[in-house]
Each structure stands twice: as C-alpha cells, then as structure tokens.
2 protein chains.
Amino acid sequence: MKSDLPALMEARNLDALLVFGDALHNPPMVYFTGVRHVTEALLVVKRGEQPLLFCHNMERDEAASSGLATRSLTDYNFRAILKESNDDHTLANARLLQRMLTDAGITKGRLAVYGERDAGQAYSLLNAITELLPELEMVGESHDSVLMEARATKDPAEVERIRAIQKQTTEVVGQVADFLSNQRAKDGVLVDSNDQPITVRKVKSKINLWLAERGLDNPHGTIFAPGAEGGVPHSMGSPDAVLRLGEPIVFDIFPIEAGGGYWADFTRTWCLGYASDAAQALYDDVRFVYETLISEIKPDERCAVFQARTCELFKQRGHPTVNEDPSTKVGYVHSLAHGLGLDVHERPGFYGDPKTAKEFLCRSHVITVEPGLYYPERGMGMRIEDAVYMRPDGKPEVLAPYPLDLVVSLKQ
Amino acid sequence: MKSDLPALMEARNLDALLVFGDALHNPPMVYFTGVRHVTEALLVVKRGEQPLLFCHNMERDEAASSGLATRSLTDYNFRAILKESNDDHTLANARLLQRMLTDAGITKGRLAVYGERDAGQAYSLLNAITELLPELEMVGESHDSVLMEARATKDPAEVERIRAIQKQTTEVVGQVADFLSNQRAKDGVLVDSNDQPITVRKVKSKINLWLAERGLDNPHGTIFAPGAEGGVPHSMGSPDAVLRLGEPIVFDIFPIEAGGGYWADFTRTWCLGYASDAAQALYDDVRFVYETLISEIKPDERCAVFQARTCELFKQRGHPTVNEDPSTKVGYVHSLAHGLGLDVHERPGFYGDPKTAKEFLCRSHVITVEPGLYYPERGMGMRIEDAVYMRPDGKPEVLAPYPLDLVVSLKQ
C-alpha cells in the first residue's frame, strides 16, 4: 500500500517518482491525487517526502482539493520556452520539465517515471531530458514497478471503495435479472409487451442508465454475450442479437467510479427460462472449480499455484486448458484471476511456473476469481467472476456476494 | 485526413507507424480500428499499405469487426518469451515486439510510435527494441506528428459524427434549461417542490442520466460552476453548491461517444431568473467577441491571428489578457479555440506569434470557438463555446446551434 512506497523505493535505489498526465482515468496520478479535473499535470514524489503537484492555473482549485502541495505550471510560460526552442516541441517540453525538476530539487539520482502518455512522446521527451540533466537516470519500470507493487495491496479505505462499487454493480445486475424475468417469451425469444424482441442493445442501454443513476462510469462497456458470442471471452455481444430461452449469456460488467477511480469486475452466466443439460453440465464444472478455488486460495502461496490447480481441475473434467496448449481457443483459455484496483487488471498476475513464479498472493490483495469454459462451436461460454479481498487474517472474502444460479426464470 | 497519411509520411521520411494500446479511449488506435473492445493490442501501418492489427485470441471477433487484417498476439506465447528472458518484462516485451515487427516486415527504416501507454514502460521498451533491431529508428513525434496532422482535418463522415454528438449534447443542455426553469426560488435559491435546494450534484446527476439515455460517455465529468467557481475556467463546481438567482453559472459539457470515439464540447453561461447589470455587461463583452470571431475566422490564416484578435477586442473593452501577461488569472486567461475530434483538445492550437506561428486554420478543421472572461473575486466567470466546422468552401459552420441567452427564466 501507499505507506510501503519509501521502503520499496529504497530497496530499488529510487530517489524519486515522476507521474505524468491527468488526474482522471490515469491510475498512477489518481493514486496520489484522487479523481480531480486536473489535466496534463505533473507530480513528483521524493523518497520519504510528500508529493508535489504542478498544474495549470485554470485548474488550481481542482488541484488544491487534492490536499497536496501544488505549484503553477502556467508560470513556467511554456510558450516562451517554445519560442526559445525554435518551436521544437520535444525540446521545449524537455526544458520545461528540466526547470520543474530543478525547482523540485530533483537533478540527479534515479527517477522512476509513470503515467499515461503518448508512447512516442514519452520516448522522445525522456531521452531528451537525460541530455539536459545527465546526472539524472530515468527509470522506466515495467509490470513489476514499485508503484504497481505498492498498489497491489489495498489499505482499508481502498477496500471499502472497491466493496462499495462492487456492491452497486451487483445491484445493477439484480435490476437486469428482474428486468429479464419480467419479460415473456414468444417462439423461444424474449420479447417485450409489444412482442418486440429484447435485444442486447436494449439490455445494455438499461445497464448504462442504472449505472448512471449510481454515478458510475462505464468507459469500456459491458459484455452481454449470448450463445456462441459468449464462447469468446471478450466478445461484447452484438447489439442486435436477441435473447433465446435456454441459451447461455455471459454477463461481465466492469464499471468504474466517476472520473476514473476504482473499478468493479463481476460476471455471471445466465440461461433464461431453463438450461439444457449440456449447458447445466458445463456450468456445474465452472461452478465446482469456482467454489473449490474460493475455498483453497490463501496468502503466502505463489499465484501460479492456483492457476495450475484450476487447470488441473478442468483437465480432470475433460476440458482442454492453457496449461497443455497456451493458445487454445476452447476449454479453459485464460487465467484464473487478476488484481483489481485503479486498473481493472493489475497485480498480482496468476501465471508462470507454479514452482518458480515470482508473484505471491498476499494479505490485503484484492483480486478477481473467474474460472470459465469456452466452446464457441457448441454455442456457449460460461464464466463466474467475483471480487475477493485477501483479508489481513488470511481469509478470502467475496466483496459483494450475489447468487450463483444459472437459470433466470421468467415470471410469466 | 486519413487519406493524407502516405504523403505526410513520405514528407517526413517515415516508413511505418506503430500504435500501442486499447481500441477504447485511445485516439491513435481508434482512428484506425474504430471503438472496439480490443485491449493491449498493437497496430502497424506501412507507408501506403493497409493497417495490420495484432490482438489477443480472446478478442479476435471484436478485432475482426474493425474490418482490418488481424493476427493473433496470443500465438507468440508471451509466457514462453518471458521465461527465456528470465522474467525480465522489459526484455520480454521488446522480444515480443521484435518478433511481431519482423513478421510484419518492419525491421529497418523510420518507425513513428503512438498510443497511450505508461510513460516509463514506453521509454524502456522503445530503448530496448532499438538494441534488438538496430536498423530500425524509433521516432517519437511530438505535438506536430503526422498522425495529429492527418487527424486535424476531418472527412465528411467524421464531421457528421461530431455534429451528431454535439447535437445530442445541445439536446441535453436544453433538458437542463427546462429542468431549471421548472423549479422555483425561495430566498433567492433554486429549490425543488419540497423546498430542498437544487444542488450542483443534483443537476450533474440529471445530466449523466440524460447523456446515458443517448448512449454517451462522460468520462471527464461536466463543469457546472456557479459564481466564483465559474471564475476559474476548469473548476468543476462543488457538488453541494446551491444555485442562486442572478448568479452566473458556467456550464461546459464534453461527453464522448460510448467507448471513446469523437468528443463534443459546448459551453453556455446562464443566470437563473435575472442577470445583474455587471453580469450582463461582462456577458455582452464575451458575446460580442464570440460573434465577431465567428464572423471573422477563415481558412489559410495563422490560428494565432485569431487569438491575437480576441486579445485585442477584450483589451479594447478594458480586460486584462494573456497577450500582456501570459499567467494572468483575471480577464481573458486562455486561448480562443482548439481542434476537436478523437481528443477533446487536438490540433490546431491557437497560440504563438501571429506573424510567425506555424499553425494555420484549414478547410476541414473542426474547432471550438470559446472566448471567456474570468473574475473570481467578483464572483463570476463567463464563457461561450461552440463547435465549428471549417467547410471546404471556406465558410465556418456552427455544428449544433443553440440559443445564446444569458438569462434562463423561471416559469413560476
């Protein structure tokens, strides 16, 4: 968690952190500032010191609401620097950054860099700044950065925010179930009171309204994928698709706090009216693996152990898995879980060799648990996903429990 | 526009483009793919050829819906590469990229890089790939990249998409005006039928619902800033603020097509019930400048000329401007306009020396026109903003006209 940062930085010999970008939908910045309408800002954190936020005058009040120390970016007069730099934007941006870093007392040592930015601009800017400040080493950490390491474990306030949005998400899921069960079927297709088929588009528009009523954003949309579409894990569901009784629907919903804070991530698979024997059998396998893994996950074990266990259980039930064929498109085709926080996919990751992988499941992690089976040629996919908090006492806790029934019965 | 890319690339001696990231809320990728649920993908465009999209198997159907040629990223087996690379993610990512670029026939020449990515990761990855493919020069273009140059001019289909979302946005603005005018005042404060004050939070929750009903995303929220808050251009408006009769409210709304396509951008300033003489006089200055500039903007002129003209007109009316003091916090404190497209702020930019700045206003640009005046210590800010299409015949066209009245009268 955030309080681990000084020790993590010391262990990797990092003297300071630099974060580029907006305080909206930009996790490394939001981690320090919270969600604010602050754009194209810059934040520096010297090891063991409080962060310092540079922002434009137009957004000074928004920046101040973060409670962080702020400085005006406008006062550096970028336009004048650009003129001095003969309109060379890369050089001008590097000179601007040089002045801000110098004023922040960061001119040598190792500086780790974060934040969403255009990849090409980041490359040219960071190479340019190393020429202007040759005693400063820019460190481009990867996947295993100190920031991702700190962010992987959540403090109690973060857990409560994730719990709250996950709970609001399950409320919307309940509204969707109610909505569907209140329709009726005609010729095996769900229709409204005017005999018009209920389409995926219609369901998603309801979902977006119900999310908006709760003040949640849904920037990546919702997976509501019936039949064969649900057999490809990230197919969203064609807007004009209709809903047939008995056909499994993969419903994966992942809204975010307004402006880009913490995510929810939740999946159920439903059959409307009834489930065929084949669908029920496949679902029972997924549910068995889900319940087994929920009971078995524990901290201080390699994450990859639980992925291997998932593959083992699915294989025992006759399904191909990514363990035997990493590029399989049928059976169990992805990984069991991922961290959940300011990114919808963050650390820990659940892959690698169960004997040697570096990633351990830890107390205070918040992860998904989401086994699934995919058979597009049989016209179905199945997935169950919940968000799980690895409590300080070592016990996993499903953050927002919701029924696991496959069948959503129609009331009429 | 997109059809200009081969010539633009040739002029800068670029052999290919590389775009990282999602096909959601990532303009350089969306420009080629459209909005798709395709994440952590990679797209390459060799000069004069069709784009090629690498994506994960789980998202193969979403990727195929783009109509582009696709290849499986999963088949490269990143986990095996990671193992070969002793769990060094930067090296493994560079080796993965090396293999994909090699298969795409891109191993030498100049490759311009784009797409939202963590700045530090982009820096380390792109430096690593230049060691693996030493004949390939990575080009990190800035602000004036070929892609931003191409994107600045819109083809007719793009203009119609921006017109459509801008029109939907003005419909929501109309709903907000109706909602406000149907309330009544008590002790000078707008209240609902239960005598409860209408707060900024309440208005914004209505806005989000009305946007969601139209299928629009609002990832950056809405500025609805009464009184002194409106005196700082990007203050969003405190959620608990109440609405006082006569107090100017800056209402700046900028939703985006679902999943991250084209943006709208629109501002009106309203006084509920009545406007004080001081507010009306300030507004009249802004409206005069707005109408003058709308009548004067024309293609083939430096954009900075129109910014200078705006400063001149405001100065004539006794207001401080950024022309005399670039960091002024009162008077006219920003620039007249910006390009509008897949980014809410894109080219062209309206700053620099009116005699030498490089940026010209061109036919087929879509820009905002948004003069404003800010006096937080007087408790007010004023801004008018519309989206304007510079038509091929040279005439500016407001894409979604909406009344310019300052006062929103109450019906009761």
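Placing the label point 7 Å from Cα along the Cα-to-Cβ direction, what are the distances from B:Glu324 to the equivalent spots in the other copies, shortest first, in nm to one decimal?
8.0
For chain B, calculate the relative contact order in percent as a whole number, restricting contacts to Cα pairs under 8 Å that are 6 or more residues apart. Present the calculation step by step, with values, prior to reporting the outcome.
On the way: 874 pairs, mean separation 62.1, N = 412.
It comes to 15 percent, rounded to a whole number.
Pull out the extension gain between A:Leu209 and A:Asn182, defined as 0.36 nm times the separation in residues minus the alpha carbon to alpha carbon distance; nm, one decimal.
Working: separation 27, 0.36 × 27 = 9.72 nm, distance 1.80 nm.
Working it through step by step, the gained length comes to 7.9 nm.
Sort out for me the Cα centre separation of the stretch A:177-218 from the stretch A:8-80, rounded to whole Å.
Taking the Cα centre of the stretch A:8-80 as reference, the centre of the stretch A:177-218 is 42 Å away.
In deg cm²/dmol, rounded to 500, what helix-only [θ] at 222 nm does the protein assembly as shown give when every DSSP H run of at least 4 residues adds -39500 (n - 2.57) and the total is split over its residues?
Numbers: 22 runs with 272 residues, N = 824.
Helix contribution divided over all residues of the protein assembly as shown: -10500 deg cm²/dmol.
How big is the stretch B:137-270 by the Kirkwood estimate over distinct Cα pairs, in Å? The partial results should precede the final answer.
On the way: mean 1/r = 0.0603 Å⁻¹.
Here the Kirkwood hydrodynamic radius works out to 16.6 Å.
Which value, in Å², gives the accessible area per residue of the stretch B:2-150 when a 1.4 Å probe is used on the protein heavy atoms?
It amounts to 38 Å² per residue over the stretch B:2-150.
Using a 1.4 Å probe and counting only protein heavy atoms, how much accessible surface gets buried when B and A come together, both sides summed, in Å² to the nearest 100?
Working: alone 18090 and 18130 Å², together 30650 Å².
Chain pair B/A: roughly 5600 Å² of buried accessible area.
Using only Cα atoms, what is the ratio of the radius of gyration of the stretch B:238-381 to 2.2 N^0.38 Å? Please list the in-between numbers first.
On the way: Rg = 16.2 Å, N = 144, 2.2 N^0.38 = 14.5 Å.
The stretch B:238-381 yields a ratio of 1.11.
I want to verify the translational diffusion coefficient of the protein assembly as shown in µm²/s; compute it with Stokes-Einstein, Rh as the Kirkwood radius over Cα pairs, at 4 °C and 1.567 mPa s.
On the way: Rh = 28.0 Å.
In µm²/s, the coefficient rounds to 46.
At 15 angstrom or more along the helix axis (alpha-carbon based) and mean Kyte-Doolittle of 0.0 or higher, what helices does chain A contain? Whole DSSP H runs only. Display every interim value, and only then the final one.
Details: long enough: A:89-103 (21 Å, -0.23); A:119-132 (20 Å, 0.54); A:156-181 (37 Å, -0.15); A:200-213 (20 Å, -0.19); A:277-296 (28 Å, -0.05); A:303-316 (20 Å, 0.19).
Membrane-span-like by this criterion, though nothing is claimed about a membrane: A:119-132, A:303-316.
Provide a list, ordered by number, of residues in the stretch B:196-232 showing at least 20 Å² less accessible area with every protein chain present than when their chain is taken on its own, using a 1.4 Å probe.
Buried by the other chains: B:Asn208, B:Leu209, B:Ala212, B:Glu213, B:Asp217, B:Pro219, B:His220, B:Val232.
With only alpha-carbon pairs counted, each pair once and no self-pairs, how large is the Kirkwood hydrodynamic radius of chain B in angstroms? Walk me through the numbers on the way to the answer.
On the way: mean 1/r = 0.0428 Å⁻¹.
Evaluated over chain B, this radius sits at 23.4 Å.
Any chance you could check the Cα centroid distance between the stretch A:112-144 and the stretch B:358-394 for me, in angstrom?
Cα centroid to Cα centroid, the span is 34 Å.
State in Å² the accessible area per residue of the stretch A:153-408; use a 1.4 Å probe, count heavy atoms of protein chains only, and round to the nearest integer. Please report the intermediate quantities before stating the final value.
Numbers: 9170 Å² over 256 residues.
About 36 Å² of surface per residue is accessible.
Most mobile of B:Thr170, B:Thr269, B:Thr328 per a Gaussian network model of chain B (Cα springs, under 10 Å)?
B:Thr328
Quick one: Debye curve from the C-alpha atoms of the stretch B:2-150, no solvent, what's log10 I(q)/I(0) at q = 0.21 Å⁻¹?
-1.51
Quick check: at a probe of 1.4 Å, how many percent of the accessible area of the stretch A:1-59 sits on carbon and sulfur atoms?
With neighbouring chains kept in place, the figure for the stretch A:1-59 is 48 percent.
List, in the order given, every pair from B:Lys202/B:Lys395; B:Lys2/B:Lys298; B:Lys315/B:Lys355; A:Lys202/B:Lys202; B:Lys2/B:Lys395 whose Cα-Cα distance in the structure shown is over 29 Å. Before the final figure, lay out each step's value.
Details: B:Lys202/B:Lys395 40 Å; B:Lys2/B:Lys298 23 Å; B:Lys315/B:Lys355 19 Å; A:Lys202/B:Lys202 26 Å; B:Lys2/B:Lys395 22 Å.
Too far apart for the 29 Å limit: B:Lys202/B:Lys395.
Any idea which of A:Val398, A:Leu5, B:Leu43 is furthest toward the positive side of the dipole for the protein assembly as shown, if Lys and Arg beta-carbons carry +1 and Asp and Glu beta-carbons -1?
A:Val398
If you build a Gaussian network model of chain A, linking Cα atoms that sit under 10 Å apart, which residue out of A:Asn218, A:Asn194, A:Asn127 swings the most?
Top of the fluctuation ranking is A:Asn194.
Considering Cα pairs under 8 angstrom that are at least six residues apart, work out the relative contact order of the stretch A:2-150 and quote it in whole percent.
Relative contact order comes out at 25 percent.
Which whole-angstrom value gives the distance between the alpha carbon centres of the stretch B:240-285 and the stretch A:290-356?
Cα centroid of the stretch B:240-285 versus Cα centroid of the stretch A:290-356: 51 Å apart.
Amide H of B:Gly349 versus every other amide H placed in the peptide plane: which residues, excluding those fewer than 5 positions away on the same chain, fall under 5 Å?
none
Please give the charge dipole size of the stretch B:63-209, origin at the Cα centre, charges +1 on K and R Cβ atoms and -1 on D and E Cβ atoms. Round to the nearest 20 debye.
It works out to roughly 540 debye.
In the stretch A:37-61, which residues have a backbone nitrogen under 13 Å from the label point lying 7 Å from A:Asp103's Cα in the Cα-to-Cβ direction?
Under 13 Å, as judged by backbone N against the label point of A:Asp103, lie A:42-44, A:52-57 of the stretch A:37-61.
For the stretch A:173-227, give the magnitude of the charge dipole about the Cα centre (Cβ charges: +1 Lys/Arg, -1 Asp/Glu; no others), in debye to the nearest 20.
For this selection, approximately 60 debye.
Which distances in nm, rounded to one decimal and ordered from shortest, link the label point of B:Gly215 to the equivalent label points in the other identical copies, with labels set 7 Å from Cα toward Cβ?
Listed shortest first, these distances are 2.8 nm.
Charges only on Cβ, +1 for Lys and Arg, -1 for Asp and Glu: so what's the dipole of the stretch A:2-150 about the Cα centre, in debye to the nearest 20? Walk me through the intermediate numbers first.
Numbers: 14 positive and 22 negative charges, 57 e Å.
Using only the charged Cβ atoms, the result is roughly 280 debye.
For the stretch B:153-408, what % of the accessible area comes from carbon and sulfur atoms, probe 1.4 Å? Please list the in-between numbers first.
Values: 4540 of 9150 Å².
Whole-percent figure for carbon plus sulfur exposure: 50.
Under the convention of a label 7 Å out along Cα→Cβ, give the distances in nm from A:Asp284 to the same position in every other copy, shortest first.
Between copies, matching label points for A:Asp284 lie 8.2 nm apart.
Given springs between every Cα pair under 10 Å in a Gaussian network model of chain B, which of B:Glu324, B:Glu257, B:Glu116 has the largest fluctuation?
Judging by the Gaussian network model, the answer is B:Glu324.
So if I average 1/r over every pair of distinct C-alpha atoms in the stretch B:81-193 and take the inverse, what Kirkwood radius in Å does that give?
Numbers: mean 1/r = 0.0525 Å⁻¹.
Mean inverse Cα-Cα distance, inverted, gives 19.0 Å.
Select from the stretch A:233-256 all residues whose loss of accessible area on going from the chain by itself to the full protein assembly reaches 20 Å² or more (probe 1.4 Å).
At a threshold of 20 Å² (probe 1.4 Å), the residues of the stretch A:233-256 that become less exposed are A:Pro233, A:His234, A:Ser235, A:Met236.
The values are calculated or read from the model by the stated rules, or taken from the named source; none is laboratory data. Source: prediction; values computed, not measured. So basically every Cβ, Gly included, is an ideal-geometry build from the backbone, and we count neighbours across all protein chains shown. Protein only, heavy atoms only, side chains kept; ligands, DNA and RNA dropped before computing areas. Shrake-Rupley method; radii C 1.70, N 1.55, O 1.52, S 1.80 Å.
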